[in-house]
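These notes are about the structure you will find just below.
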Amino acid sequence: VQLQASGGGLVQPGGSLSVSCAASGLSLGSYAVGWFRQAAGKARELVAATSWSGVSTYLARSVQDRFTIDRENAKNMVILQMKNLRPEDTATYYCAADLRDHGFGYTSDEYAYWGHGTLVTVSS
């Protein structure tokens, strides 16, 4: 089982970027998926999550109205679309997956599978 986060990079404030989580060895369509981020010197935090069905989703207050989380089950991927990026969004972004009947976890220890992370830098 492997999760691979990709798509990070350098973007100017106010810009947009999408990061993708691709899976091998499991079908993401059957898993709750969370996107976490960790900035230098700070704790890892959940920024977005989706239940396996996509019916339930979560966006942290700091990213509401700017980020969306979308499933692309045909590609076995989950996408975090980010717009109006701010310098405080700078972090390494990780995707995580967990098999559960409903909902999703809010903390790192509720997810069994993790990708290696992709760095998003928001700077002019």
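The values are calculated or read from the model by the stated rules, or taken from the named source; none is laboratory data. None of these values were measured; they are calculated from a predicted model. Methodologically, a virtual Cβ is constructed for each residue, glycine included, from the backbone with ideal geometry; neighbour enumeration extends over all protein chains shown. Surface accessibility is based on the protein's heavy atoms, side chains included, excluding ligands, DNA and RNA. Shrake-Rupley method; radii C 1.70, N 1.55, O 1.52, S 1.80 Å.
Provide Arg71, Arg61, Arg37, Arg86 ordered by accessible surface of protein heavy atoms (probe 1.4 Å), highest first.
Arg61, Arg86, Arg71, Arg37
Start at zero, step by 5 Å, and the Cα-Cα distances of the range 32-90 spread as 4, 17, 29, 24, 15, 8, 2, 0 percent across the bins. Distant-in-sequence amide contacts of Val120, defined by a placed amide H-H separation under 5 Å and a gap of 5 or more residues or a different chain, comprise Gly9, Ala91, Thr92, Tyr93. Applied to the range 58-69, the Karplus parametrisation 6.51 cos²θ - 1.76 cosθ + 1.60 on θ = phi - 60° returns per-residue 3J(HN,Hα) values of 9, 9, 4, 4, 5, 10, 4, 6, 10, 10, 9, 10 Hz, with x for Gly and Pro.
Ligands, DNA and RNA left out, the 1.4 Å accessible surface of the chain is 47% carbon and sulfur atoms.
Karplus-based coupling profile of the range 90-106, in residue order and whole Hz: 4, 4, 8, 9, 10, 9, 9, 9, 8, 8, 8, 6, 7, x, 7, x, 10, with θ = phi - 60° in 6.51 cos²θ - 1.76 cosθ + 1.60 and x standing for Gly or Pro.
Between the listed residues Gln64, Ala23, Trp52, the Cα displaced farthest toward the positive end of the dipole of the range 16-99, a dipole computed from Cβ unit charges relative to the Cα centre, is found at Gln64.
Could you check what % of the DSSP bridge pairs in the chain are antiparallel, to the nearest 5? Don't skip to the answer; put the middle values down first.
Details: 37 of 41 bridges.
For the chain, the DSSP antiparallel bridge percentage is about 90.
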